[in-house]
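Worksheet for the structure shown next.
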Amino acid sequence: LRKNVEDFTGPRERSDLGFVTFDITADILNGKNGLQTIFDWNVKQLFLYLSAEYSTKNNALNQVVLWDKIMLRGDNPRLSLKDMKSKYFFFDDGNGLKGNRNITLTLSWNVVPNAGILPLVTGSGHVSVPFPDTYETTKSY
Amino acid sequence: AAVAAAAMLSLDFLDDVRRMNKRQLYYQVLNFGMIVSSALMIWKGLMVVTGSESPIVVVLSGSMEPAFHRGDLLFLTNRIEDPIRVGEIVVFRIEGREIPIVHRVLKIHEKQNGDIKFLTKGDNNAVDDRGLYKQGQHWLEKKDVVGRARGFVPYIGIVTILMNDYPKFKYAVLFLLGLFVLVHRE
């Protein structure tokens, strides 16, 4: 599982807004079955999401979903995405993104069965990203 | 011949009811009461075990398709020890509104002391739920949560939706159930 990112912060009203561009290369497997494909007879779909987790002065824990995708049974469980922009605005509750050195990006998924338990699985491999100390005012997104 | 036989059977059935003396009738009523009490106890027991005031809910809208459709049944837990995290499917109520909503957590901001505020969005909706919240409300809090969806069964909840949309259907179902239990000899 590999993610590469490029990012910068931009001021927006009074809350920091972060911009992240990323690549995702991943194989979604069912670890319990010795790395067989996740799509067994009882898996209807996967809800994949890339989330950013970080800590700020205001809040001990923040989690923001940057991007999500629904993968249906029959789709290829291999992801190879490049230069993706975040689907949702990465607003902080305050100004905690500027100079924040430790934003952790993780890929997770919700397994939706045909019937039964709804587990949330976190992918192995995550990336830590720092935001710069200054606001970017010139770059367009 | 088949119609005649059916007519004979239903007459026998009514005769049986008339033949039951008072004691048997009281017995049947008590039986009925026990079944209702047991059902209520099981429901209350579920509420205790799951920590949710509504441990089983029916999906009412298509905002979480293709994962859940109208009529699917969701099993919830609401244990305080389980922290709310992004990606989870929560069932919540907006202050002042009766109908619970089933959507996914998109963002959380949690303070050191555990106070948390979070934002939700339906998988099948283009935008997040801010437009659904109360006027001036930007976040949901723990108190708005009815429970977290842990498991589900498709289709079964359609009966509840039918009973809600067609009250005559509900009365018919209840009447038939009551009749069956009262008359069933055991």
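The values are calculated or read from the model by the stated rules, or taken from the named source; none is laboratory data. Computed from a predicted model, the values in this text were never measured in an experiment. Cβ: placed from backbone, ideal geometry, glycine included. Neighbour counts: every protein chain shown.
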Some residue of the range A:128-141 being closer than 21 Å to B:Val127 by Cβ and assigned to a loop (DSSP other than H, G, I, E, B): yes
Filter result for the condition that a residue is more than 14 Å from chain A (Cβ to nearest Cβ) and under 30 Å from A:Thr56 (Cβ atoms), over B:Phe118, B:Phe92: B:Phe92
Single residue of the range A:104-128 satisfying the filter (β-branched (Val, Ile, Thr) and over 16 Å from A:Asp68 (Cβ atoms)) that is farthest from the other protein chains (Cβ to nearest Cβ): A:Val127
Selected residue (only one of B:Val36, B:Val57 is within 21 Å of B:Pro100 (Cβ to Cβ) and of a type in the set (A, V, I, L, M)): B:Val57
One residue from B:Gln135, B:Gln112 being at the interface with chain A (Cβ under 9 Å from one of its Cβ atoms) and either farther than 23 Å from A:Tyr49 by Cα or modelled with pLDDT under 90 (or both): B:Gln112
Any hit, the range A:54-70, residues being of a type outside the set (Phe, Trp, Tyr), closer than 30 Å to B:Tyr155 by Cβ and more than 9 Å from every other protein chain (Cβ to nearest Cβ): yes
Matching strands (runs of 3 or more DSSP E) fully within the range B:41-109 where at least 3 residues are in contact (Cβ under 8 Å) with a residue 60 or more places away in the chain and on the phi < 0 side of the Ramachandran plot: B:73-77
Test: residue in the range A:73-91 that is among the aromatic types (Phe, Trp, Tyr) and loosely packed, with under 14 Cβ neighbours inside 10 Å: no
Members of the range B:89-131 found to be out of contact with any helix residue (DSSP H, G or I) (no Cβ under 8 Å at 6 or more places or on another chain), over 21 Å from A:Asp92 (Cβ atoms) and surrounded by 19 or more Cβ atoms within 10 Å (Cβ to Cβ), listed by number: B:Ile89, B:Val90, B:Val91, B:Pro100, B:Val102, B:Asp123
